[in-house]
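Participant: Could you have a look at this structure, given as C-alpha coordinates, before my questions?
The values are calculated or read from the model by the stated rules, or taken from the named source; none is laboratory data. Just so it is clear, the model here is predicted, and its values are computed rather than measured. Methodologically, a virtual Cβ is constructed for each residue, glycine included, from the backbone with ideal geometry; neighbour enumeration extends over all protein chains shown. Just so you know, the surface numbers come from the protein's heavy atoms only, side chains and all, with ligands and any DNA or RNA stripped out. Shrake-Rupley method; radii C 1.70, N 1.55, O 1.52, S 1.80 Å.
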Amino acid sequence: MTSAALGKDLVGLEPLTADQIRLILDTAEPFKEVSERPIKKVPALRGKTIVNLFFENSTRTRISFEFAEKRLSADTVNVATSGSSVAKGETLVDTARNLEAMRIDMVVIRHGASGAARFLGERIRSNVINAGDGKHEHPTQGLLDMLTLRDRFGRLEGLKVAIVGDILHSRVARSNIWGLTKLGAEVAVCGPPSLLPRNVRDLGVTVLPRIEDAIAWADALNVLRLQLERMQAGFIPSLREYNRVFGVTSERLARAPRELAILHPGPMNRGVEIDSDVADGPHSVILPQVTNGVAVRMAVLYLLAGGSPDWRTEAGE
Ligand code: CP
(Lines give C-alpha, C1' and ligand atoms only; values in the text may rest on other atoms or scores of the structure.)
Protein backbone atom coordinates (compact mmCIF):
# COMPACT_ATOMS: atom_id res chain seq x y z
CA MET A 1 0.00 0.00 0.00
CA THR A 2 1.33 3.46 -0.89
CA SER A 3 1.09 6.48 1.41
CA ALA A 4 -1.35 8.09 -1.06
CA ALA A 5 -3.82 5.48 0.17
CA LEU A 6 -4.21 7.44 3.44
CA GLY A 7 -5.86 10.36 1.62
CA LYS A 8 -5.35 14.09 2.29
CA ASP A 9 -6.40 14.32 5.94
CA LEU A 10 -6.56 12.24 9.11
CA VAL A 11 -9.86 13.16 10.74
CA GLY A 12 -10.54 9.87 12.50
CA LEU A 13 -10.09 6.11 12.50
CA GLU A 14 -13.70 5.48 11.47
CA PRO A 15 -13.02 6.31 7.79
CA LEU A 16 -9.79 4.21 7.65
CA THR A 17 -9.52 0.58 6.61
CA ALA A 18 -7.67 -2.04 8.63
CA ASP A 19 -4.83 -1.92 6.07
CA GLN A 20 -4.51 1.86 6.40
CA ILE A 21 -4.33 1.58 10.20
CA ARG A 22 -1.72 -1.19 9.94
CA LEU A 23 0.28 0.97 7.53
CA ILE A 24 0.46 3.77 10.12
CA LEU A 25 1.40 1.40 12.97
CA ASP A 26 4.05 -0.34 10.84
CA THR A 27 5.49 3.00 9.68
CA ALA A 28 5.68 4.14 13.33
CA GLU A 29 7.82 1.13 14.35
CA PRO A 30 11.15 2.33 12.86
CA PHE A 31 10.43 5.94 13.88
CA LYS A 32 10.62 4.83 17.56
CA GLU A 33 14.38 4.47 17.23
CA VAL A 34 14.86 8.08 16.06
CA SER A 35 13.82 9.34 19.51
CA GLU A 36 16.46 7.14 21.17
CA ARG A 37 19.34 8.71 19.21
CA PRO A 38 21.64 11.36 20.69
CA ILE A 39 20.66 13.59 17.75
CA LYS A 40 16.91 13.02 17.41
CA LYS A 41 16.42 14.15 13.83
CA VAL A 42 15.93 12.75 10.35
CA PRO A 43 15.48 14.89 7.23
CA ALA A 44 12.23 13.21 6.16
CA LEU A 45 10.06 16.40 6.20
CA ARG A 46 12.76 18.97 5.52
CA GLY A 47 11.21 22.01 3.81
CA LYS A 48 7.64 21.28 5.02
CA THR A 49 5.84 23.89 7.14
CA ILE A 50 3.36 22.67 9.75
CA VAL A 51 1.00 24.79 11.86
CA ASN A 52 -0.28 23.45 15.19
CA LEU A 53 -3.66 25.07 15.88
CA PHE A 54 -4.58 24.25 19.47
CA PHE A 55 -7.89 25.85 20.44
CA GLU A 56 -8.27 23.64 23.54
CA ASN A 57 -5.81 22.86 26.35
CA SER A 58 -3.29 20.12 25.74
CA THR A 59 0.01 18.94 27.18
CA ARG A 60 0.76 15.53 25.66
CA THR A 61 -0.72 15.88 22.18
CA ARG A 62 0.56 19.39 21.46
CA ILE A 63 4.10 18.70 22.65
CA SER A 64 4.17 15.24 21.06
CA PHE A 65 3.17 16.66 17.66
CA GLU A 66 5.76 19.39 18.01
CA PHE A 67 8.50 16.87 18.84
CA ALA A 68 7.38 14.64 15.96
CA GLU A 69 7.53 17.56 13.52
CA LYS A 70 10.94 18.74 14.74
CA ARG A 71 12.37 15.20 14.68
CA LEU A 72 11.29 14.98 11.03
CA SER A 73 13.03 18.35 10.37
CA ALA A 74 9.80 20.21 9.50
CA ASP A 75 9.40 23.92 10.27
CA THR A 76 6.66 24.41 12.87
CA VAL A 77 4.50 27.24 14.19
CA ASN A 78 2.13 27.04 17.17
CA VAL A 79 -1.13 28.98 17.31
CA ALA A 80 -3.46 29.06 20.35
CA THR A 81 -6.72 30.93 20.86
CA SER A 82 -5.18 33.32 23.33
CA GLY A 83 -2.77 35.63 21.56
CA SER A 84 -4.24 34.97 18.09
CA SER A 85 -6.98 36.77 16.16
CA VAL A 86 -9.36 33.91 16.99
CA ALA A 87 -9.78 35.76 20.32
CA LYS A 88 -11.05 38.73 18.26
CA GLY A 89 -13.68 36.63 16.54
CA GLU A 90 -11.84 35.45 13.41
CA THR A 91 -13.31 32.21 12.09
CA LEU A 92 -11.41 28.94 11.95
CA VAL A 93 -11.47 28.89 8.14
CA ASP A 94 -10.30 32.52 7.85
CA THR A 95 -7.44 31.78 10.23
CA ALA A 96 -6.43 28.72 8.23
CA ARG A 97 -6.73 30.48 4.85
CA ASN A 98 -4.51 33.31 6.10
CA LEU A 99 -1.97 30.73 7.22
CA GLU A 100 -2.19 29.06 3.81
CA ALA A 101 -1.47 32.43 2.18
CA MET A 102 1.90 32.13 3.96
CA ARG A 103 2.43 28.81 2.13
CA ILE A 104 2.03 26.17 4.80
CA ASP A 105 1.77 22.43 4.07
CA MET A 106 -0.06 20.87 7.01
CA VAL A 107 -2.35 21.84 9.87
CA VAL A 108 -2.68 19.92 13.13
CA ILE A 109 -5.87 21.00 14.89
CA ARG A 110 -7.39 20.50 18.32
CA HIS A 111 -10.82 22.04 18.70
CA GLY A 112 -13.75 21.82 21.10
CA ALA A 113 -16.28 21.30 18.30
CA SER A 114 -16.93 17.76 17.05
CA GLY A 115 -16.31 17.75 13.29
CA ALA A 116 -13.96 20.77 13.26
CA ALA A 117 -11.09 18.85 11.65
CA ARG A 118 -13.22 17.48 8.81
CA PHE A 119 -14.83 20.92 8.30
CA LEU A 120 -11.40 22.51 7.94
CA GLY A 121 -10.01 19.74 5.77
CA GLU A 122 -12.84 20.22 3.28
CA ARG A 123 -12.04 23.94 2.98
CA ILE A 124 -8.24 24.19 2.74
CA ARG A 125 -5.65 22.59 0.48
CA SER A 126 -3.20 21.70 3.27
CA ASN A 127 -3.27 18.30 4.95
CA VAL A 128 -5.32 18.41 8.14
CA ILE A 129 -4.68 16.16 11.14
CA ASN A 130 -7.23 15.89 13.92
CA ALA A 131 -5.55 16.25 17.34
CA GLY A 132 -8.93 15.84 19.11
CA ASP A 133 -12.26 17.40 18.13
CA GLY A 134 -14.96 17.68 20.77
CA LYS A 135 -16.52 14.32 21.55
CA HIS A 136 -15.82 12.97 18.06
CA GLU A 137 -12.34 11.41 17.62
CA HIS A 138 -8.72 11.63 18.72
CA PRO A 139 -7.17 9.39 16.07
CA THR A 140 -3.49 9.68 16.98
CA GLN A 141 -4.37 8.80 20.60
CA GLY A 142 -6.22 5.71 19.36
CA LEU A 143 -3.22 4.78 17.20
CA LEU A 144 -0.69 5.21 19.99
CA ASP A 145 -2.87 3.13 22.31
CA MET A 146 -2.98 0.40 19.65
CA LEU A 147 0.79 0.54 19.11
CA THR A 148 1.34 0.23 22.87
CA LEU A 149 -1.00 -2.76 23.08
CA ARG A 150 0.71 -4.38 20.10
CA ASP A 151 4.11 -3.85 21.78
CA ARG A 152 2.85 -5.40 25.02
CA PHE A 153 0.96 -8.39 23.60
CA GLY A 154 2.54 -8.87 20.16
CA ARG A 155 -0.88 -8.77 18.52
CA LEU A 156 -4.19 -6.95 18.47
CA GLU A 157 -6.33 -9.67 16.92
CA GLY A 158 -8.36 -11.44 19.59
CA LEU A 159 -7.11 -9.11 22.35
CA LYS A 160 -9.76 -8.15 24.92
CA VAL A 161 -9.66 -4.43 25.70
CA ALA A 162 -12.04 -2.84 28.20
CA ILE A 163 -12.47 0.93 28.00
CA VAL A 164 -13.50 2.15 31.44
CA GLY A 165 -15.10 5.40 32.55
CA ASP A 166 -16.67 8.35 30.81
CA ILE A 167 -17.34 6.88 27.36
CA LEU A 168 -20.09 9.41 26.56
CA HIS A 169 -17.79 12.44 26.39
CA SER A 170 -14.68 10.64 25.16
CA ARG A 171 -13.16 11.08 21.69
CA VAL A 172 -10.39 8.70 22.85
CA ALA A 173 -12.97 5.95 23.41
CA ARG A 174 -14.42 6.41 19.93
CA SER A 175 -11.04 6.27 18.17
CA ASN A 176 -10.06 3.21 20.20
CA ILE A 177 -13.32 1.45 19.41
CA TRP A 178 -13.03 2.09 15.66
CA GLY A 179 -9.35 1.20 15.47
CA LEU A 180 -9.32 -1.86 17.71
CA THR A 181 -12.43 -3.48 16.24
CA LYS A 182 -11.13 -2.97 12.68
CA LEU A 183 -7.94 -4.80 13.65
CA GLY A 184 -9.81 -7.73 15.20
CA ALA A 185 -9.65 -6.91 18.92
CA GLU A 186 -12.66 -7.47 21.17
CA VAL A 187 -13.74 -4.26 22.89
CA ALA A 188 -15.94 -3.78 25.94
CA VAL A 189 -16.99 -0.56 27.63
CA CYS A 190 -17.63 -0.16 31.34
CA GLY A 191 -18.95 2.84 33.21
CA PRO A 192 -22.00 4.38 34.84
CA PRO A 193 -25.05 4.08 32.53
CA SER A 194 -25.28 7.90 32.51
CA LEU A 195 -21.79 8.02 30.92
CA LEU A 196 -22.40 5.43 28.18
CA PRO A 197 -23.71 6.64 24.80
CA ARG A 198 -27.12 5.38 23.84
CA ASN A 199 -26.75 2.64 21.20
CA VAL A 200 -23.09 2.12 22.14
CA ARG A 201 -23.53 -1.58 21.25
CA ASP A 202 -24.05 -0.50 17.64
CA LEU A 203 -20.32 0.34 17.59
CA GLY A 204 -19.59 -3.39 17.97
CA VAL A 205 -18.72 -3.36 21.67
CA THR A 206 -19.93 -5.30 24.68
CA VAL A 207 -21.22 -3.42 27.72
CA LEU A 208 -19.90 -4.63 31.08
CA PRO A 209 -21.84 -2.95 33.88
CA ARG A 210 -19.36 -3.50 36.75
CA ILE A 211 -15.65 -2.71 36.95
CA GLU A 212 -15.17 -6.17 38.50
CA ASP A 213 -16.66 -7.70 35.31
CA ALA A 214 -14.28 -5.68 33.11
CA ILE A 215 -11.26 -6.74 35.19
CA ALA A 216 -12.30 -10.40 35.04
CA TRP A 217 -12.81 -10.25 31.25
CA ALA A 218 -10.03 -8.07 29.85
CA ASP A 219 -6.39 -8.41 28.84
CA ALA A 220 -6.03 -4.63 29.05
CA LEU A 221 -7.93 -1.76 30.65
CA ASN A 222 -7.91 1.67 29.02
CA VAL A 223 -8.98 3.94 31.89
CA LEU A 224 -10.56 7.26 30.96
CA ARG A 225 -10.80 10.50 32.86
CA LEU A 226 -14.16 11.93 33.83
CA GLN A 227 -14.44 14.79 31.33
CA LEU A 228 -15.90 17.22 33.85
CA GLU A 229 -15.47 20.15 31.42
CA ARG A 230 -17.89 18.48 28.97
CA MET A 231 -20.55 17.56 31.54
CA GLN A 232 -23.47 19.95 31.65
CA ALA A 233 -25.23 18.24 34.53
CA GLY A 234 -24.68 15.79 37.37
CA PHE A 235 -23.78 12.59 35.53
CA ILE A 236 -22.37 11.05 38.73
CA PRO A 237 -23.29 11.61 42.40
CA SER A 238 -19.72 12.56 43.43
CA LEU A 239 -16.09 11.85 42.55
CA ARG A 240 -15.73 9.83 45.76
CA GLU A 241 -18.74 7.72 44.82
CA TYR A 242 -17.30 7.20 41.32
CA ASN A 243 -13.98 5.99 42.77
CA ARG A 244 -15.80 3.64 45.15
CA VAL A 245 -17.84 2.00 42.38
CA PHE A 246 -15.67 2.29 39.22
CA GLY A 247 -12.16 3.20 40.42
CA VAL A 248 -9.32 1.00 39.14
CA THR A 249 -7.59 0.04 42.38
CA SER A 250 -4.85 -2.45 43.21
CA GLU A 251 -7.31 -4.35 45.44
CA ARG A 252 -9.61 -4.90 42.48
CA LEU A 253 -6.74 -5.79 40.12
CA ALA A 254 -5.39 -8.34 42.62
CA ARG A 255 -8.53 -10.41 41.94
CA ALA A 256 -7.94 -10.46 38.14
CA PRO A 257 -7.44 -13.91 36.61
CA ARG A 258 -4.49 -12.58 34.55
CA GLU A 259 -2.06 -9.66 34.62
CA LEU A 260 -3.76 -6.74 32.92
CA ALA A 261 -2.00 -3.98 31.03
CA ILE A 262 -3.19 -0.60 32.30
CA LEU A 263 -3.52 2.30 29.84
CA HIS A 264 -4.65 5.87 30.42
CA PRO A 265 -4.58 8.62 27.79
CA GLY A 266 -3.98 11.33 30.40
CA PRO A 267 -4.42 13.67 32.04
CA MET A 268 -5.13 11.42 35.03
CA ASN A 269 -7.30 12.23 38.01
CA ARG A 270 -5.44 10.16 40.57
CA GLY A 271 -7.75 8.78 43.24
CA VAL A 272 -10.82 9.18 41.01
CA GLU A 273 -10.74 6.84 37.98
CA ILE A 274 -7.35 5.32 38.85
CA ASP A 275 -5.36 4.96 42.06
CA SER A 276 -1.73 6.04 42.18
CA ASP A 277 -0.36 2.59 42.95
CA VAL A 278 -2.00 1.30 39.74
CA ALA A 279 -0.94 4.28 37.61
CA ASP A 280 2.66 3.90 38.80
CA GLY A 281 2.56 0.11 39.15
CA PRO A 282 4.32 -2.65 37.23
CA HIS A 283 1.47 -3.22 34.77
CA SER A 284 1.03 0.40 33.81
CA VAL A 285 2.01 1.28 30.22
CA ILE A 286 0.94 4.90 30.61
CA LEU A 287 4.37 6.42 29.99
CA PRO A 288 5.19 4.01 27.11
CA GLN A 289 1.93 5.30 25.55
CA VAL A 290 3.37 8.82 25.65
CA THR A 291 6.67 7.64 24.16
CA ASN A 292 4.82 5.84 21.35
CA GLY A 293 2.79 8.98 20.67
CA VAL A 294 5.79 10.68 19.11
CA ALA A 295 6.50 7.75 16.75
CA VAL A 296 2.84 7.45 15.73
CA ARG A 297 2.62 11.19 14.99
CA MET A 298 5.86 11.04 13.01
CA ALA A 299 4.34 8.23 10.94
CA VAL A 300 1.07 10.11 10.32
CA LEU A 301 2.84 13.35 9.35
CA TYR A 302 5.26 11.50 7.12
CA LEU A 303 2.64 9.41 5.33
CA LEU A 304 0.25 12.34 4.76
CA ALA A 305 3.15 14.37 3.38
CA GLY A 306 3.52 11.70 0.71
CA GLY A 307 6.39 9.67 2.12
CA SER A 308 6.67 5.99 1.37
CA PRO A 309 6.56 3.53 4.28
CA ASP A 310 10.28 2.94 3.67
CA TRP A 311 11.39 6.36 4.91
CA ARG A 312 14.95 5.18 5.66
CA THR A 313 15.68 4.69 1.97
CA GLU A 314 14.08 8.04 1.09
CA ALA A 315 16.00 9.79 3.86
CA GLY A 316 19.26 8.21 2.65
CA GLU A 317 19.75 6.29 5.94
N1 CP B 1 -4.22 12.42 25.76
C2 CP B 1 -4.38 13.74 25.52
O3 CP B 1 -5.02 14.16 24.54
O4 CP B 1 -3.74 14.55 26.41
P5 CP B 1 -3.66 16.14 26.26
O6 CP B 1 -5.05 16.68 26.45
O7 CP B 1 -2.68 16.59 27.31
O8 CP B 1 -3.16 16.44 24.86
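Participant: Testing HIS111 on (1) at pLDDT 95 or above; (2) within 16 Å of the ligand (Cβ to nearest atom); (3) within 21 Å of ASN292 (Cα to Cα), one condition comes back false. Which one is that?
Facilitator: So the condition that HIS111 fails would be (3).
Participant: Please go through the range 255-312 and pick out each residue that is β-branched (Val, Ile, Thr) and more than 17 Å from the chain's Cα centre (by Cα).
Facilitator: VAL272, ILE274, VAL278
Participant: Return yes or no: is GLU14 among the charged types (D, E, K, R), away from the ligand (no atom under 16 Å from the Cβ), closer than 29 Å to THR181 by Cα and outside any strand (DSSP E or B)?
Facilitator: yes
Participant: Could you figure out which of (1) under 13 Å from LEU301 (Cβ atoms); (2) of a type outside the set (D, E, K, R); (3) within 16 Å of the ligand (Cβ to nearest atom); (4) in contact with a Ser or Thr (Cβ under 6 Å, 6 or more places away or on another chain) isn't true of PHE65?
Facilitator: Among (1) under 13 Å from LEU301 (Cβ atoms); (2) of a type outside the set (D, E, K, R); (3) within 16 Å of the ligand (Cβ to nearest atom); (4) in contact with a Ser or Thr (Cβ under 6 Å, 6 or more places away or on another chain), the lone unmet condition for PHE65 is (4).
Participant: Could you tell me which of the residues ILE167, ILE177, ILE262 is closer than 16 Å to ASP275 by Cα and of a type in the set (Val, Ile, Thr)?
Facilitator: Unique residue meeting the criteria: ILE262.
Participant: Quick test for you: out of GLN227, GLN289, pick the one residue that is within 16 Å of the ligand (Cβ to nearest atom) and modelled with pLDDT of 95 or more.
Facilitator: The conditions single out GLN289.
Participant: Within the range 83-97, is there a residue that is away from the ligand (no atom under 16 Å from the Cβ), over 21 Å from GLY134 (Cβ atoms) and touching a residue at least 12 places away in the same chain (Cβ under 8 Å)?
Facilitator: yes
Participant: Here's something else I'd like to know. Determine, yes or no, whether SER58 is within 16 Å of the ligand (Cβ to nearest atom), open to solvent by less than 40 Å² (accessible area, probe 1.4 Å) and of a type outside the set (Lys, Arg).
Facilitator: yes
Participant: Mind listing whichever residues of the range 93-104 are surrounded by fewer than 18 Cβ atoms within 10 Å (Cβ to Cβ) and of a type in the set (A, V, I, L, M)?
Facilitator: Selection gives VAL93, ALA101, MET102.
Participant: Does at least one position in the range 225-243 carry a residue that is in contact with a helix residue (DSSP H, G or I) (Cβ under 6 Å, 6 or more places away or on another chain), open to solvent by less than 10 Å² (accessible area, probe 1.4 Å) and on the phi < 0 side of the Ramachandran plot?
Facilitator: No: zero hits.
Participant: Which condition from (1) more than 16 Å from the ligand (Cβ to nearest atom); (2) over 30 Å from ASP105 (Cα atoms); (3) within 16 Å of the chain's Cα centre (by Cα) is the one that ILE167 breaks?
Facilitator: Against the list (1) more than 16 Å from the ligand (Cβ to nearest atom); (2) over 30 Å from ASP105 (Cα atoms); (3) within 16 Å of the chain's Cα centre (by Cα), ILE167 comes up short only on (1).
Participant: Of LEU53, LEU6, LEU13, LEU45, which residue is within 16 Å of the chain's Cα centre (by Cα), open to solvent by less than 20 Å² (accessible area, probe 1.4 Å) and in contact (Cβ under 8 Å) with a residue 40 or more places away in the chain?
Facilitator: LEU13
Participant: Something else now. So, ASP213, is that one within 16 Å of the ligand (Cβ to nearest atom) and closer than 20 Å to LEU253 by Cα or not?
Facilitator: No.
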